[in-house]
Amino acid sequence: MRQFFLLIGIFISLVFASKAQTATSWESAKEQGSSLKKIKITHEHLHELPDIFYQFPNLEEVDFSNNRIQHLPPSFYTCKKLKVINLFNNLVQVISDSVAAFQELEYISLNANELVQVSPQLFSLPNLVQLHLRHNQIRHLSNYEKAITALNKLDISFNKIDTLPASIYNENKLNYLDAYNNELEFISSDIKKLSALRFLFLGRNHLKYIPEELAYCSLLQELDVVYCGVINLPSSLSNLRKLELVYIDNRTIPFYSNLRMRYRQTIQVIPNGKYPYRFSQ
């Protein structure tokens, strides 16, 4: 019984310690200074962040989602221990090369901003597991020198990207790639190098074909090719024994009728103008 109460006491202490290291206002953040681990200031109509981040050298997580932030102050990039950055639903336009300072970063959401360009340095962070760039105005992704060794999930949907950089195909741990609703015209045969890929969403692009080499992605479970310009899919896809769910539009029905009977994939036909519901989300 004594051990039980001791454990309860330790748990309560940890909870309070965690709360003490989290700030929900700038006043609280300044009070905690170098001991601060997390800042969460959301839905406050913030237009800018104060240039005081040098006071928080041990900061690991920030959540400034649902504000009106346009720029990140220079001192923000001094927080080299950051692991999580959430800037969802702001007005950020540019991510500069200074992002290279975040060598410990594991997760970043820049969904629903006004990004027009992203530094290739963002794609070179060694510990980045999830990169979310959905709903921006990005037209081009630059090649980067080396793969993100940890990258697991990449969401670049709802942008204006016309080409995937060749370096993306070197992400050998990538299992989720969402490029839905862009302006892609081409998928390289190098997609076969994405050996861990399980979810691939290419709907609403301008593709002329899907490469036969996609069949080398033997772990693929979900494939979205709704209204992407492709009528016939490669027969080699019949070799994908783990493929469970395929999103198509009514133009690809003739191709897939036999495939469904032979391999029992769940085929979802998407009505015109509808957005496919994805079980993986």
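Details
- Hey, LEU194 touching a Cys at 6+ places or on another chain (Cβ under 8 Å) and either in the same structural domain as VAL246 (by TED's automatic domain parsing) or surrounded by 22 or more Cβ atoms within 10 Å (Cβ to Cβ) (or both) or not: yes
- Taking the listed residues LEU184, LEU214, LEU131, LEU122, the one that is touching a Ser or Thr at 6+ places or on another chain (Cβ under 9 Å) and farther than 26 Å from ASN239 by Cβ is LEU131, with no other qualifying.
- Count of segment 35-83 residues which are more than 19 Å from SER96 (Cβ to Cβ), surrounded by fewer than 18 Cβ atoms within 10 Å (Cβ to Cβ) and among the small types (Gly, Ala, Ser): 1
- Of the residues in segment 123-134, none is modelled with pLDDT of 95 or more, surrounded by fewer than 14 Cβ atoms within 10 Å (Cβ to Cβ) and under 24 Å from TYR54 (Cβ atoms).
- Residue match in segment 14-23 (condition: modelled with pLDDT of 95 or more, surrounded by 12 or more Cβ atoms within 10 Å (Cβ to Cβ) and closer than 17 Å to LEU72 by Cβ): no
- Residue check for LEU105: closer than 24 Å to LYS173 by Cα, modelled with pLDDT under 95 and not hydroxyl-bearing (Ser, Thr, Tyr): no
- Restricting segment 35-72 to residues that are part of a loop (DSSP other than H, G, I, E, B) and basic (Lys, Arg), the residue that is farthest from GLU104 (Cα to Cα) is ARG68.
- LEU110 vs. criteria in contact with a His (Cβ under 7 Å, 6 or more places away or on another chain) and farther than 16 Å from ASN127 by Cβ: yes
- Pairs, first acidic (Asp, Glu) in segment 96-108, second outside any loop (DSSP other than H, G, I, E, B), C-beta under 7 Å, six or more apart: ASP97/GLN121; GLU106/VAL84
- Subset tally (residues that are β-branched (Val, Ile, Thr) and assigned to a loop (DSSP other than H, G, I, E, B)) for segment 77-126: 2
- Per the listing LYS208, LYS193, LYS242, the residue uniquely modelled with pLDDT under 95, charged (D, E, K, R) and closer than 23 Å to ASN175 by Cβ is LYS242.
- Counted residues, segment 108-122 - those being of a type outside the set (Gly, Ala, Ser) and modelled with pLDDT of 95 or more: 6
- Criterion violated by LYS160 - all others in (1) at pLDDT 95 or above; (2) assigned by TED's automatic domain parsing to the domain that holds ILE270 satisfied: (2)
The values are calculated or read from the model by the stated rules, or taken from the named source; none is laboratory data. Because the structure is predicted, anything quoted here is derived from the model rather than measured. Neighbour counts run over all protein chains shown; Cβ positions are idealised from the backbone, glycine included.
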